[in-house]
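Colleague: Pasting a structure here, questions to come.
The values are calculated or read from the model by the stated rules, or taken from the named source; none is laboratory data. Worth saying up front: this structure is predicted, and the values here are computed from it rather than measured. Because the Cβ atoms are built from the backbone with ideal geometry, glycine has one as well, and the counts that use them run over all protein chains shown. Side chains included, ligands, DNA and RNA excluded: accessible areas come from the protein's heavy atoms. Shrake-Rupley method; radii C 1.70, N 1.55, O 1.52, S 1.80 Å.
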Amino acid sequence: MHSMPRRFTRQQRQMLADLGQMLEHEIGLRKLDSADRLQVLRAIDRLQTQHTLYVETFHRTPVAIAHIGRDWEWRHMNDACVKFFAHSRAPLTKTNIRDLLDASDRTRFEQAVQSLDIRSRGGEVLTLDVTFRLRNKQRKPARVQVARRQTTSARDGGWLFVIHDTQAEQQEKAARDAREAALHRGAHEASEGLRKAHEQLTSAERQLGATRVDLRAIADNLPALVAYVDGERRYRFANSTYREWLGLDPEEIVGRLTHEVLDADFFAAIEPYVQRVLSGERVEYEVGATLNGSQRVLRGVMVPRRVHDQADDGYCLLVQDVTERRALLDRLRHQAFHDALTGLPNRRSFFERLDEACAAGSDGVAAIMFIDLDGFKAVNDTYGHQCGDEVLVETARRISRCVRGGDLVARHAGDEFTVLLAGPAIDHAALERIARAILLTLSQPITFGAKVVRLSASIGMLLRGQAASLSGEALLRAADAAMYRAKVAGKARIVVHEIHDSPAGVPG
């Protein structure tokens, strides 16, 4: 209250309107007898609980969502939307979403959205690729999905915008809002009670129905399985992705037990995680499954259902297909630790294995070889680099055939190769037999059509027992030094490094 007149903000006017509705409801409730009033109060409490669930879901979903009015001003936005535009909430609310668009997209976007308003029939969704200009002047491409907001209120009209950041690398865009089943059940119970109680509460029922449509639109547009499963393991909600991935209509899934819906192998694979989430633990997992006849990798998140921070019955579920991402990671991991030409482990991989073997003590490293081809530069100069590459590939094959099953052959660099003979100590004679087998096979001619290449190799070797206290890097330097002495001595030969070859027992 104040003695001076003043202009109210839009938020203050809405607060006054809400206060007026509360007073209207209270007056209506006082006109009822005690039994009807108790029933209405219970229905209102259930409605407020469901509305709290909707607001919590709207603000916590990681996908940017906004309600835009027909004047193109912001009505509501979630935290992900504020984060997307790199604003704080108050300054962003004062902007017009059209002003955030790149000039080349603005007219096209506005016309497309307004045409949706004209032709939209029910749940039609418009998808547009646009570019936004952020506060820091950077351009940010995005995919925007627009649906007309179904409401009878002029103020609450407009559109629902779902904004996907196309710069993100296959981000896990999930709303984790599988509480819609409980909301649906609560809405039905509330509407039954409200019809018997008072005509004033019908507007609240319509609002609840609009909320349910909004949640369904959000969940059905997520590229993931979204579900709510109760404590009896019955589906209470399933989004439309179940139809795409499993060929099952979401309406037919609701009410059925999980083992009646899921493939037996998949059900068995996730059973330990289900038991954990039903005991109140948040669970993440990755399992293999067959979808539409192809083997896929699925990543799931199970969250115990909570209402007002109290554990409730059942859990919410979100499952994404991460097959392509997992395959990409495997390829990148392989590329990081393997030579692209020969397919052998590379120097990084060799050192990693060597350090592990050294840490294992006497059962880790038996011996190390350092192999360098003699005269390889002449092959490149005479026949070209393509022929040289083929020689390196064939060399890798020949060396690999000469070592034992548990040994590691790696391409160190250029025409240099290293061999880690793993396991317990190996005697000098056995090591020399392996080295001579490598020399012999590398001395055999390599034929490529009419081209015949003859090479030899110089090999430096070190028995781990000679230098048990040295690090993996020092061991390899010792083998390298022995190989160099083989080169100096005339090539095509084997030199075993002796610990007295270097001052103070440290390989040079």
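Colleague: Could you grab the relative contact order for the stretch 269-425? Cα pairs under 8 Å, six or more apart, rounded to a whole percent.
Modeller: Working: 218 pairs, mean separation 28.3, N = 157.
Dividing the mean separation by the residue count of the stretch 269-425 yields 18 percent.
Colleague: At a probe size of 1.4 Å, how large is the accessible area of residue 348, to the nearest 10 Å²?
Modeller: 140 Å²
Colleague: When all C-alpha to C-alpha distances in the stretch 258-387 are sorted into bins of 10 Å, what percent of pairs does each bin hold, rounded to whole numbers?
Modeller: Histogramming the stretch 258-387 at 10 Å steps yields 10, 22, 19, 19, 16, 9, 5, 1 percent.
Colleague: For residue 351, tell me the accessible area in Å² from a 1.4 Å probe, rounded to the nearest 10.
Modeller: The accessible area of residue 351 comes to roughly 50 Å².
Colleague: Leaving ligands, DNA and RNA out of it, report the carbon-plus-sulfur percent of the accessible area of the stretch 408-489 at a 1.4 Å probe. Working shown, then result.
Modeller: Numbers: 1940 of 3420 Å².
Carbon and sulfur: 57 percent of the exposed surface of the stretch 408-489.
Colleague: Using a 1.4 angstrom probe on heavy atoms only, work out the carbon and sulfur share of the accessible area of the stretch 1-110 in %.
Modeller: Values: 3880 of 7040 Å².
Accessible surface attributable to carbon and sulfur in the stretch 1-110 totals 55 percent.
Colleague: Give me the extension gain from residue 290 to residue 487: residue separation times 0.36 nm, minus the current Cα-Cα distance, reported in nm with one decimal. Don't skip to the answer; put the middle values down first.
Modeller: Numbers: separation 197, 0.36 × 197 = 70.92 nm, distance 5.66 nm.
Between residue 290 and residue 487, full extension yields an extra 65.3 nm.
Colleague: In addition: Over the heavy atoms of residue 132, what accessible area does a 1.4 Å probe trace out, to the nearest 10 Å²?
Modeller: Here the accessible area works out near 0 Å².
Colleague: Once label points are set 7 Å from the Cα along Cα→Cβ at both residue 129 and residue 86, what is their separation, rounded to one decimal in nm?
Modeller: Inter-label distance under the simple model: 2.2 nm.
Colleague: At R0 = 25 Å, how high is the FRET efficiency between residue 79 and residue 103 if r is their beta carbon distance? Nearest 0.05 is fine.
Modeller: Details: r = 28 Å, r/R0 = 1.13.
That gives a FRET efficiency of 0.35.
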